[in-house]
Structure formats: C-alpha cells, structure tokens
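Below is one structure, written out as structure tokens; comments come after it.
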Amino acid sequence: MNQHPSSVAITKDKPEAGQVVTELSRAFDALEVKDFRLVIEIAKGLLKTNKKIPQAHYLIGRVTIETRQLDIALKALETAVELDGTVAEYWAFLALVYSQIGNMVKAENAVVAAQQIGSDKAYILHPIAHVLSVLGHAEEAVKNLRIAVQNSPNNGIYHHALGVSLLELGDFSGAQQSLKKAVALNENDAESWWILSSLVKAQNNDLAEQLLALMKKTETTPRAHAFLGYAAGKLFEDTQCWDKAFEVFERGAAAKRKIVDYDSSEAKKTFEVIKSVCTENWLNTSVNETNETAPIFIIGQPRTGTTLIDRIISSHSLVHSAGEPVQLAMSLRAITGVRTKEFISAELINKSHYVTGAELAQSYLTGLARLRGKTPYFIDKFPMNFMLVGFIAKAFPKAKIIHVTRSPADTCFAVFKQLFEEVYQHSYAQSEMAEHFVMYRQLMEHWHTIMPGKILDIAYEDVIADNEVQARRLIQHLGLDWEDTCINFEKNNTAVVTASAAQVREKAHNRSIGRWKNYKNQLSPTLDILKAAGISP
C-alpha cells in the first residue's frame, strides 16, 4: 500500500538522522501490517529524543484513529501539520478526525489543504473522499475514489468505498459493480456483502446460503459475523423464508451486541434527567428570541420514514437537506466540555442546563456552515435529536420540528433488523430495543406537554396511503408555497447517506407496513414490553 509519507526523509546533517530514518521506515512497515503496538512503541521512542519529528506524530495519529482514541489522534495530527504543513496525508487524516468529532468547518479546511497539496496515492485519496462525502460533496468523493481504484486496483477497500459513494448518488449499477469487485478481491469483505444484499432482490436462496457458509468462518470476528447475518437475513426475506430470516437477523444482532458498549441503566437515567432538566420553566429561560433562523428538524426513530419525509420536503426549491449531522449534540458537548462515551448522556444534559439558546445556536450554525446549502431553509434529519427538542426550541424559536411516527411493532422490528455503525446501540437485543422505544414514546409525550403545538406528528402509514395529501400538509406547515416536485421526490437527485439510500429512489410503497406480523412469535419479548407499557403494536 506504500503508506510512507513523502516527507519521510530527515535532514542528514545530524548524526542521529540515519537512525531516525531507519526507525521511521520500520514504523511505517508495521503500520502496513497493522502492528499498532510496534508503531506506537517506535513513534514514542523517537519523540522521547526529539519532539519535532512530524512523521512520529502522524504515526500516532494513524494508530489512534484505528483504535478510536480521537482526542489523541487530533492532538497528534494537529502537531504533525504544525511541524510540516506540506504533506497531503497529514491534512487528509486530520480532516478525517475533524469530521469524526463533528467539527465540519475544520474538516473542510483540512481537506482543502490536502487537495491543494495533492496526491494520487489511494490511501490518501480514501480519507479525502470520505470527508468530502460527509460534507455533502459526493460527486467529488467519487472522482477521488475512481483515481484510487485506478492506482490501486487490487485493493478491495477502495472498490468498497467507491461503491458506497456511488450508492449515495443513486448509481445502483455502478455501486453493484464496485461492491462485486470488492468481494471478488476479498470474499470475506462482510460489509460489502451487506450493502450488496440491499441492492439485489433475491430470487432464490443461493446467495443467502453462500453467506451462511461465510458466517461459519467469522464466529470469532463479531463485526463481520454481524454484517453477514444481516445480509443473509435480508436475502431470506426476499424469498419470504421468514423463520430463516429472523434466525440470522438474531445471530447478527447477537454478534453486534458483543462489541457495542450500551448500558440500559445509563440510558434510563439519561431519559429521566432530560425530563427533570427540560421543564416548562427551563424552556422559557435564556431563549434565543431574536434569532430568525428557522431550521427544519425531522426527528423520531430510525427506519420510520424520516428519510422519505426529508426527500419530500427537500424536493422544494427553497429547502436544502443537510442530511443527518450530529451537530446539535456535538455543539452541546463542545460548549460543556463533556466527553462521555454515550453520545447524549445524563451528564451532558445536566451540564447543558445553563447553556443559552444564543450560544447553542451560534455553535450549531457555525458547525453546519458547510452543510446548510444556499437555500433559505435547511433540514437537519438526525432522528436522535428527539432527545434534544427542548434545546432546539430554545436555540431556534422559529424552527419547525416534524416528528415522524410508525406503528410500534413495525418500528421495533425495522430497527432490530438494521445494522447501524455508531448510533442506536440499543437495537441489538429485543428487550433493550423495546425498553428504549417505550422511553422514546414517554419523552415525546413530555415534549408535547411542555410545548403544545410546537411539534408536527406525521405518520409513515399516512404518507404511504396518500402521499400528496400528507406532502401538502407538510409544505403548508412549513409556510411554503406548494410545488409539484414534492410529490415526485424519487426524482430528487441529491445524495443520500443513510440506510435508506436505495429505497428513497423509488415511489412510496406499502411493502414494509405490517412486516412484523411475519415474525409475531419471534418478537414476543418486544411485544410483551410494549403491551406492559400500554402501547399497542
């Protein structure tokens, strides 16, 4: 892969220069084979004698990105570019870290710096493309990835990334071609199999059985096992083999649950703290009353049609979709300095008690500067913002909040059979998933109680039953003039980066309504929890 930075050479006028070059070469070789322990050992050893070796800081940054120690990665890569700002890979991986921590302004500045320096190396183009995609520049991401696969044709990682970006743009045949190339190069590329499964309609169980055979090889690698389980489950659903489908969904979920750090007691505490902090009196203090900005927030549970609603509204000429930014929570984390493992935690809510609407709005709008587009209105479609509705109302009194609902049993099953990367950690065990759904419903009741009329509820089933009536209702609620493009949302050609990327390119359909009934017996743990909470399926 040749991951040695172009600046690896050290000035040779110092006696120790040769030894430094040798050690750096060893470290980059170790990085190639993912011997992260050795990389860190060498880098730290070099920095003990000279703290101004940019490559050593870069190496620490690369390893800590892999190990998700983003605070360390950020410091290391910022130091690398301070010491030498002429190296494209330093800026590329710094941009990646900025995007992962939600600082989109710095992410864009860093990725621009990387592009201005320039490189045709695939391992540099890859993070550049990822950041461009996150920033909403999917077409530019594809251009970079096409160069990457051209220059490194035998590495499936880049074919996979190209497939994902093409899917975002709605190029399904191109996405399939790239993902098939990825699995041809690496049969064990479970994530590519998973995405491929969403792009095909199985006519028989041959591919599903092939994936089951691969699952036998991944018993000790839960992440791959999970991807393959969810992929096979989807394919079995295509052929209406409901029992087999649920069996592998459940196996995939169990594998994923092994590697997520979810604490149901902490989640319950967080929901209780939200209701105790975000009271009606609190809602009326430190409100950003003079702010005229009116973002459109689409909230709810994942897999309930939030992307469908986003596509309907963003088909209007005055509205741009910013996708699913996590900026609202990131702004609260930045203002309060909270760094809990839970994205939205009890500690975050408690420390955000005295955050003013004005400072939250300023931080949020600054963070979204590159994603908001140039239209008068923009959409923030991060479903989990349902936990922060009170903060939305304080920061943006004129914001429009649309809450998308779906039948509880369909919602719970749709969440359970969907694999998520970083969010919705509660979704891999039926009891945790159902309990979380109950807490969500109770919190939405709380918001409706303390801010009556602020939130528009819209049911997925109603949108499917009469698309135009509900679309007109949405546009009227937003105070916009009707445009016929809003009922032809499948022609909306903007990029989609959610799990619904394939579905929203077609007309609304009712195939998923009542799907849970095929699994009524298997879902009894979920249904029992809903029933105990007084929630009908």
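List of remarks:
- Each label was represented as a point 7 Å from its Cα along the Cα-to-Cβ direction; for L38 and S512 these points are 4.6 nm apart.
- If the Kirkwood radius is taken over C-alpha pairs of the chain, then at 10 °C and 1.306 mPa s the Stokes-Einstein diffusion coefficient equals 64 µm²/s.
- The angle between the Cα long axis of helix 190-199 and the main principal axis of the chain comes to about 40°, on a 0 to 90 degree scale.
- Pairs beyond 22 Å (Cα-Cα), from K269/K351; K75/K351; K351/K394; K121/K217; K217/K517; K75/K381: K75/K351; K121/K217; K217/K517; K75/K381
- Computed [θ] at 222 nm, helices only, for the chain once each DSSP H run of length n ≥ 4 contributes -39500 (n - 2.57): -17500 deg cm²/dmol
- Nearest-0.05 FRET efficiency for E445 and K341, computed from C-beta distance (R0 25 Å): 0.35
- R0 of 30 Å, Cβ-Cβ distance D457-K269: FRET efficiency to nearest 0.05: 0.65
- Approximate spin-label separation A533-Q69, in nm, with each point projected 7 Å along Cα-to-Cβ: 3.8 nm
- Lys, Arg +1 and Asp, Glu -1 on Cβ, resulting dipole of the chain about Cα centre, debye, nearest 20: 400 debye
- Residues of segment 209-252 with an amide N closer than 17 Å to a point placed 7 Å from the Cα of N188 along the Cα-to-Cβ direction: 211-229.
- Isotropic mean projected area of the C-alpha convex hull, segment 264-532 (nm²): 13.6 nm²
- Taking label positions 7 Å along the Cα-Cβ direction at both D261 and T279, the computed distance is 3.3 nm, reported to one decimal.
- Tilt relative to the chain, helix 70-83 - C-alpha long axis, 0 to 90 degrees, to 10: 40 degrees
- With 26 Å as the limit on Cα-Cα distance, the pairs of K180/K244; K106/K181; K417/K454; K341/K454 that go past it are K106/K181; K417/K454; K341/K454.
- Projected-area mean, segment 229-355, by convex hull of Cα positions, square nanometres: 11.4 nm²
- The angle between the Cα long axis of helix 156-168 and the longest principal axis of the Cα atoms of the chain comes to about 30 degrees, rounded to the nearest 10.
Read-outs throughout are calculated quantities, based only on the coordinates presented, and are distinct from any laboratory measurement. Keep in mind that this is a model prediction, so the values were computed, not measured. Neighbour counts run over all protein chains shown; Cβ positions are idealised from the backbone, glycine included.
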